[in-house]
Amino acid sequence: MSIFPPYTALQTAVQNLSKTLDQRLEAHLLCQAGCSGCCQQHLTLNPIETAAITEAIAALPLAQQQHVLAQAQAADADPNSHQGCPLLDADQCSIYDARPIICRTHGYPIVFQEEDAPEGEVSLDVCPLNFQTPGALEALAIEDTLDIDRLNLRLAAINFVYCRDTLADETLASQRYSLIETVIHTLARPTDGKTD
């Protein structure tokens, strides 16, 4: 993504960490391309990720744009449906290289602190498809997990600087934008009755 170098650097850092975890945990990570159960339609994005997604969607081939737009419009028309993310194409992400940070962490064991937990006490979460071998979770080392709170803090800081310096409005940093609305806003073109 060319829009904001600190965000690109974060994407690269997460990608590198993912490669390390892939190597260390290969025997326990069963989710893979085509496994899209985590890819839900109700995702919301902060401004920097909205900008990144918008750029990636606009760069898709026209046929793929029409496909994801149709899926986004269907999801928008029926918000209670259980269909997946509108950016899925044959159960794979159509903007994989530009996918949001949260999407990059799915499947990996993550640690986080519950709101009312004692300081220093963390909870662990993993995809239910992974770590099926008895005792695998108990044997998991903390260095083989992803600290999601720390990652989210870094993303929040980058988003704040982006809003302050690029958008010239730091109050936008707390805004969230619907993925569905982002797709529709990016791809829906007004019609004037003409056919191309």
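Within the stretch 32-54, the residues that satisfy the criterion of being under 15 Å from Tyr177 (Cα atoms) and either at pLDDT 95 or above or among the hydrophobic types (A, V, I, L, M, F, W, C) (or both) are Leu43, Leu45, Asn46, Pro47, Ile48, Glu49, Thr50, Ala51, Ala52, Ile53, Thr54. Against the condition more than 27 Å from Gly84 (Cα to Cα), loosely packed, with under 13 Cβ neighbours inside 10 Å and either more than 19 Å from the chain's Cα centre (by Cα) or at pLDDT 90 or above (or both), how does Asp144 come out, does it pass? No: the conditions fail for Asp144. Can you find a residue in the stretch 54-68 that is in contact with a Cys (Cβ under 8 Å, 6 or more places away or on another chain), within 16 Å of Ile184 (Cβ to Cβ) and touching a residue at least 12 places away in the same chain (Cβ under 8 Å)? Checking the stretch 54-68: not a single residue is in contact with a Cys (Cβ under 8 Å, 6 or more places away or on another chain), within 16 Å of Ile184 (Cβ to Cβ) and touching a residue at least 12 places away in the same chain (Cβ under 8 Å). Checked against (1) closer than 16 Å to Gln41 by Cβ; (2) without any contact (Cβ under 8 Å) to a residue 12 or more places away in the chain, Asp116 passes all but a single condition, namely (1). Do we have Leu172 as in contact with a Cys (Cβ under 9 Å, 6 or more places away or on another chain) and part of a helix (DSSP H, G or I) here? Judged against the criteria, Leu172 is a match. When the residues of the stretch 17-76 are filtered to those that are acidic (Asp, Glu) and part of a helix (DSSP H, G or I), the one that is surrounded by the most Cβ atoms within 10 Å (Cβ to Cβ) is Glu49. The residue that is modelled with the highest pLDDT, counting only those in the stretch 1-16 that are surrounded by fewer than 16 Cβ atoms within 10 Å (Cβ to Cβ) and part of a loop (DSSP other than H, G, I, E, B), is Ile3.
The values are calculated or read from the model by the stated rules, or taken from the named source; none is laboratory data. Please read these numbers as outputs of a predicted model, since none were measured by experiment. For neighbour counting, all protein chains shown are included, and Cβ atoms are generated from backbone atoms with ideal geometry for every residue, glycine included.
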